[in-house]
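Enquirer: Sharing a structure below in structure tokens format, with a few things to ask.
The values are calculated or read from the model by the stated rules, or taken from the named source; none is laboratory data. The shown structure was predicted, so the numbers you read here are calculated from the model rather than taken from an experiment. Positions of Cβ are generated from backbone atoms using ideal geometry, with glycine treated the same way; all protein chains shown enter the neighbour counts. The accessibility values were calculated without ligands, DNA or RNA, using every heavy atom of the protein model including side chains. Shrake-Rupley method; radii C 1.70, N 1.55, O 1.52, S 1.80 Å.
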Amino acid sequence: MQPREDFLLKAYELGIIKFGNFTLKSGIESPFYVDLRPLASSPQLLKTLANNLLDLVEDVEYDLICGVPYAALPMATTMSLTSNIPLIIKRKENKGYGTKRMVEGVFTEGQSCLLVEDVITSGQSLLETIDQVEREGLRVKDLVVVLDRAQGGSEKLKEQGYNVKTLFTIHEVIDILHKYHRLSDDEAKKIKDFLALPPEAVPAKQRIALENKKIVHPVGKRLVELALKKQSNLIASADLITSDEIIDFAKKVGDHIVALKLHSDIIQDFSDNLIVELKKIAREKEFLLFEDRKFGDIGNTQELQFKKSIYKISDWADLVTVHPIGGLESLKVFENTGVITIVEMSSKGTLTDDYYFTKAINVSEQSGNVLGSVAQRQVPDNLLLFTPGVNISSTGDSKGQQYNTPELVFKNYHTDFMIVGRGIYKAVDVKTAAKEYQTLGWISYLQSLNN
């Protein structure tokens, strides 16, 4: 066995590449998913990787090493320690305080910098990194990459005059794993067939109609039934602070929505009478009550908040939102209520990155209490997708909220239910606004079925 093969097989055991069916952020269905961050947890493999990368560029002259954040940072650091070549750190974003520089470290204008990247796909993120590094007065000519996904990135960079050296291509990875029986013949063929497609020909995931989604949770089934009956995928967010406002709002929008979303802890005069009245309106106009509590604690605390708080959420809420950060066990306390996990947020600068998204989705799929998730991208078909931040007349606010149109969320994200707040409750005519969103949302959903 060659040293490169030995390294790859050991790295594979850490879970750096997984095979199955994965929906990428672009919406493309991929038979494999690459994440090299686990290598940072194995000092020996990290040292081996650093030596392998340094061997690739042994004929290249450079003054500095820079890892593209974040996965390549441990690799670049280990290469710097091994070679005694200084390391500089490129920030992911400008923090707005301190030095406010995008590149940190000791360097002088005109020095040459070797960029280190974990995976190259389209090459766009590397071009952006190169631009930011060169703005600091440094020169970038050479790049070293652990894995090339063979989707045009290396070619794009080479066309623009950069030298790109890769330790593995995805084709080599597949061949090695197949050779040593980590992949079956059928699995290897499926991936090779996928890789043979040009990037623009890779088929995007087709959305599934609501009536065909395999939703098991009874509240999820009821929500789908209401959507099909009322021809509405609209959830109205009543971010209002008095009972009178909320009751009036519910009466006006009830015919056009499938659920009314509340924040009970902002209602200044919350009472049992409010809930009695809302339940009555919900029965008459056929919609569910949705408490956007965003539970996010250990199971015992969540159970107390859910069942014993002054809001008595467990007595009336059909749906609740929960951050799955507490893990699978913490979701078991929400009996007889539909759980919607928050796996991604719509605010600018949100910390719910790709890694968190993947972990949160896995927990959501394993829990029998979860019927769907809040996200800004596609989710597995056994979950309903709820997308907030929908507005037809605004792109955002001063507090970081970013809005999307109904057409975009249904076409690109395969949203099942859109959540609209200020677009309705701040409208001059609330009922008319709700009807407009209902119509636009349902048309956008129907059109997305034909894409």
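Enquirer: If you take the charge dipole of the chain about its Cα centre, with +1 on Lys and Arg Cβ and -1 on Asp and Glu Cβ, which of Phe417, Ala250, Thr358 is farthest toward its positive end?
Expert: Of the listed residues, the answer is Ala250.
Enquirer: Just the number, please: carbon plus sulfur as a percent of the accessible area of the chain, 1.4 Å probe, no ligands or DNA/RNA counted. Write down the numbers at each step before the final one.
Expert: Values: 10680 of 21570 Å².
Of all accessible area on the chain, carbon and sulfur atoms account for 49 percent.
Enquirer: Give the accessible area for Cys66 in Å² (nearest 10); use a 1.4 Å probe, count only protein heavy atoms, and leave out ligands, DNA and RNA.
Expert: Per-residue accessible area (Cys66): approximately 0 Å².
Enquirer: To continue, here is another question. May I ask you to list the trypsin sites (Lys or Arg not before Pro) in the stretch 214-310 that are in a DSSP loop and have at most 14 other Cβ atoms within 10 Å of their Cβ?
Expert: Sites meeting the loop and neighbour criteria: Lys214, Lys308.
Enquirer: Quote the convex hull volume per residue of the stretch 210-449, based on C-alpha atoms, as a whole number of Å³. Each step should come with its number before you reach the end.
Expert: Values: hull volume 27.4 nm³, N = 240.
Expressed per residue, the convex hull around the Cα atoms of the stretch 210-449 is 114 Å³.
Enquirer: Would you tell me the accessible area of Thr48, worked out with a 1.4 angstrom probe on the heavy atoms of the protein chains, in Å² to the nearest 10?
Expert: Here the residue's solvent-accessible area equals roughly 50 Å².
Enquirer: Shifting gears a bit: Which of the trypsin sites (Lys or Arg not before Pro) found in the stretch 1-92 are loop residues per DSSP with 13 or fewer other Cβ atoms within 10 Å of their Cβ? If you can, show how the numbers build up before the last one.
Expert: Values: sites: Arg4, Lys10, Lys18, Lys25, Lys47, Lys90, Arg91, Lys92; in loops: Lys25, Arg91, Lys92.
Passing both the DSSP loop test and the Cβ count: Lys25, Lys92.
Enquirer: Taking R0 as 22 Å, what FRET efficiency do you get between Glu159 and Thr108 from their Cβ-Cβ distance, rounded to the nearest 0.05? Could the numbers behind the result be given before it?
Expert: Numbers: r = 30 Å, r/R0 = 1.36.
After rounding to 0.05, the efficiency reads 0.15.
Enquirer: Over what distance in Å are the Cα centres of the stretch 256-284 and the stretch 286-359 separated?
Expert: For the stretch 256-284 versus the stretch 286-359, the Cα centre distance is 18 Å.
Enquirer: Over the heavy atoms of Ser184, what accessible area does a 1.4 Å probe trace out, to the nearest 10 Å²?
Expert: Result for Ser184: roughly 50 Å² accessible.
Enquirer: Suppose every K and R has +1 on its Cβ and every D and E has -1 on its Cβ; what is the size of the dipole of the stretch 120-214 about the Cα centre, in Debye to the nearest 20?
Expert: Numbers: 16 positive and 16 negative charges, 60 e Å.
Around 280 debye, computed over the stretch 120-214.
Enquirer: Placing +1 at every Lys and Arg Cβ and -1 at every Asp and Glu Cβ, with all other atoms neutral, what dipole size does the stretch 210-449 have around its Cα centre, in debye to the nearest 20? Can you show the working numbers first?
Expert: Details: 28 positive and 31 negative charges, 69 e Å.
Charge dipole of the stretch 210-449: 340 debye, to the nearest 20.
Enquirer: Note down the relative contact order for the stretch 114-211 as a percent, whole number, built from C-alpha pairs under 8 angstrom at least six residues apart. Present the calculation step by step, with values, prior to reporting the outcome.
Expert: Values: 112 pairs, mean separation 23.4, N = 98.
Reported as a whole number, the value is 24 percent.
Enquirer: Sequence gap at least 6, Cα distance under 8 Å: using those rules, report the relative contact order of the chain to the nearest whole percent.
Expert: Details: 815 pairs, mean separation 49.2, N = 451.
For the chain, the relative contact order is 11 percent.
Enquirer: May I pose another question? What percent do you get for the relative contact order of the stretch 210-449 when only Cα pairs under 8 Å and 6+ apart count? Kindly include the intermediate steps, with their values, before the conclusion.
Expert: On the way: 467 pairs, mean separation 49.5, N = 240.
Relative contact order for the stretch 210-449 comes out at 21 percent.
Enquirer: Kindly provide log₁₀ I(q)/I(0) values, in the same order as q = 0.08, 0.09, 0.12 Å⁻¹, from the Debye equation applied to equal alpha-carbon scatterers of the chain.
Expert: Calculated log10 I(q)/I(0) at the listed q: -0.58, -0.71, -1.07.
Enquirer: For a label point 7 Å from the Cα of Asn382 along Cα→C-beta, name the residues of the stretch 207-224 whose backbone N is under 12 Å from it.
Expert: Hits in the stretch 207-224 for Asn382 at 12 Å: 214-217.
Enquirer: Exceeding 22 Å between C-alpha atoms, which entries from my cross-link table qualify? They are Lys18/Lys192; Lys229/Lys285; Lys285/Lys332; Lys192/Lys359; Lys279/Lys308; Lys214/Lys294. Before the final figure, lay out the partial values.
Expert: On the way: Lys18/Lys192 15 Å; Lys229/Lys285 12 Å; Lys285/Lys332 30 Å; Lys192/Lys359 27 Å; Lys279/Lys308 20 Å; Lys214/Lys294 25 Å.
In this structure, Lys285/Lys332; Lys192/Lys359; Lys214/Lys294 lie more than 22 Å apart at Cα.
Enquirer: In debye, nearest 20, what is the charge dipole magnitude of the chain about its Cα centre with +1 on Lys and Arg Cβ and -1 on Asp and Glu Cβ, if you could check? Provide the component values of the computation, followed by the final result.
Expert: Details: 54 positive and 61 negative charges, 180 e Å.
Value, rounded to 20: 860 debye.
Enquirer: Helix-only estimate, please: 222 nm mean residue ellipticity of the chain, summing -39500 (n - 2.57) across DSSP H runs of length 4 or more and dividing by its residues, to the nearest 500.
Expert: On the way: 16 runs with 170 residues, N = 451.
Rounded to the nearest 500, the figure is -11500 deg cm²/dmol.
Enquirer: What accessible area per residue, rounded to a whole number of Å², is obtained for the stretch 210-449 using a probe radius of 1.4 Å?
Expert: Details: 10730 Å² over 240 residues.
Dividing the accessible area of the stretch 210-449 by its residue count gives 45 Å².
Enquirer: Starting from 0.36 nm per residue, how many nanometres of slack lie between Glu29 and Ile89 once their C-alpha separation is accounted for? Don't jump to the answer; show the numbers that get you there.
Expert: Values: separation 60, 0.36 × 60 = 21.60 nm, distance 3.32 nm.
That works out to 18.3 nm of additional length.
Enquirer: Can I ask one more? Any number yet on Rg/Rh for the stretch 101-171, C-alpha, Kirkwood?
Expert: Values: Rg = 12.4 Å, Rh = 12.5 Å.
Across the stretch 101-171, the Cα-based Rg/Rh ratio is 0.99.
Enquirer: Now for a different question. How far is it, in nm, from the label point at Asp244 to the one at Leu351 when both lie 7 Å from their Cα along the line to the Cβ?
Expert: 4.0
Enquirer: Take the chain, mark every one of the GluC sites (Glu not before Pro) that falls in a DSSP loop and has at most 10 other Cβ within 10 Å, then report the longest stretch left between them, sites excluded. Intermediate values should be presented prior to the final figure.
Expert: Values: sites that count: Glu58, Glu61, Glu93, Glu109, Glu335.
Of all site-free stretches, the longest is 110-334.
Enquirer: Averaged per residue, what accessible area in Å² does the stretch 3-196 show with a 1.4 Å probe, protein chains only? Working shown, then result.
Expert: On the way: 9600 Å² over 194 residues.
Solvent-accessible surface per residue comes out at 49 Å².
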